[in-house]
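Only one structure is covered here, and it is reproduced in the block below.
The values are calculated or read from the model by the stated rules, or taken from the named source; none is laboratory data. For clarity, every value in this text was computed on a predicted model and none was experimentally measured. Please note: Cβ atoms are built from the backbone with ideal geometry, for glycine as well, and neighbour counts cover all protein chains shown.
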Amino acid sequence: MKHSYWENEQWFKDINFAIIGSGIVGINCALRLREKHPKAKIVIFEKGYIPSGASTKNAGFACFGSPSEILNDFNSTSEDEVLS
Ligand SMILES: Cc1cc2nc3c(=O)[nH]c(=O)nc-3n(C[C@H](O)[C@H](O)[C@H](O)COP(=O)(O)OP(=O)(O)OC[C@H]3O[C@@H](n4cnc5c(N)ncnc54)[C@H](O)[C@@H]3O)c2cc1C
């Protein structure tokens, strides 16, 4: 793809952080970088014209680990930490 002069000047010049992929990880990475570097030029490159990975297809459950994982955590971590 050939980019115009304006696209090259505005979007692809003097990039401080380039993130590949606009899934939940890429977007969160961009947000954290913006907090730490308010003036940085942060660009996200996405191969699809919308985010095309798992983030827009998942079931929406917050996963806290299976009961067997949580029980195992009691062997190495205090009860307070496991419950929190
Ligand atoms: C059917 C399904 C159900 C799920 N259910 C759950 C759930 O209930 N709870 C849960 O916690 N997790 C769930 N998950 C897992 C969760 O969705 C993923 O772990 C999470 O979305 C991954 O995020 P990500 O940003 O790492 O990847 P993705 O969301 O896959 O993002 C990667 C992005 O990078 C882009 N990309 C790839 N290659 C390039 C390239 N070369 N150049 C530019 N862009 C590129 C892709 O197009 C995509 O937009 C599920 C996953 C699936 C598939």
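Every residue in region 55-72 that is within 15 Å of the ligand (Cβ to nearest atom) and over 30 Å from E7 (Cα atoms), please.
In the first step, residues of region 55-72 are kept if they are within 15 Å of the ligand (Cβ to nearest atom); the result is 55-66, 69.
Once the filter is applied, which keeps residues that are within 15 Å of the ligand (Cβ to nearest atom) and over 30 Å from E7 (Cα atoms), region 55-72 yields K57, N58, A59, G60, F61, A62, C63, F64, G65, S66, E69.
Considering only residues that are modelled with pLDDT of 90 or more and not aromatic (F, W, Y), look in region 73-83 and name the one that is nearest to the ligand (Cβ to nearest atom).
Applying the first criterion (modelled with pLDDT of 90 or more) to region 73-83 yields 73-81.
Now drop any that are not not aromatic (F, W, Y), which leaves 73, 75-81.
Details: D73: 18, N75: 25, S76: 23, T77: 21, S78: 26, E79: 25, D80: 25, E81: 21 Å.
Taking the candidates together, the pick is D73.
Residue by residue, here is whether (1) of a type in the set (S, T, Y); (2) at pLDDT 95 or above; (3) in contact with a Phe, Trp or Tyr (Cβ under 8 Å, 6 or more places away or on another chain) holds:
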position: M1; (1), (2), (3): no, no, no
position: K13; (1), (2), (3): no, no, no
position: N28; (1), (2), (3): no, yes, no
position: R34; (1), (2), (3): no, yes, no
position: K39; (1), (2), (3): no, yes, no
position: E46; (1), (2), (3): no, yes, no
position: S52; (1), (2), (3): yes, no, no
position: G60; (1), (2), (3): no, no, no
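Being exposed (fewer than 12 other Cβ atoms within 10 Å of the Cβ), within 7 Å of the ligand (Cβ to nearest atom) and not acidic (D, E) is a description that does not apply to A18. Within region 26-42, being within 14 Å of the ligand (Cβ to nearest atom) and surrounded by 14 or more Cβ atoms within 10 Å (Cβ to Cβ) holds for G26, I27, C29, A30.
Could you tell me whether C63 is out of contact with any Leu (no Cβ under 9 Å at 6 or more places or on another chain) and surrounded by 11 or more Cβ atoms within 10 Å (Cβ to Cβ)? Here the answer is no, as C63 does not meet what is asked. In region 44-54, of all residues being in contact (Cβ under 8 Å) with a residue 24 or more places away in the chain and surrounded by 14 or more Cβ atoms within 10 Å (Cβ to Cβ), the one that is farthest from the ligand (Cβ to nearest atom) corresponds to I44.
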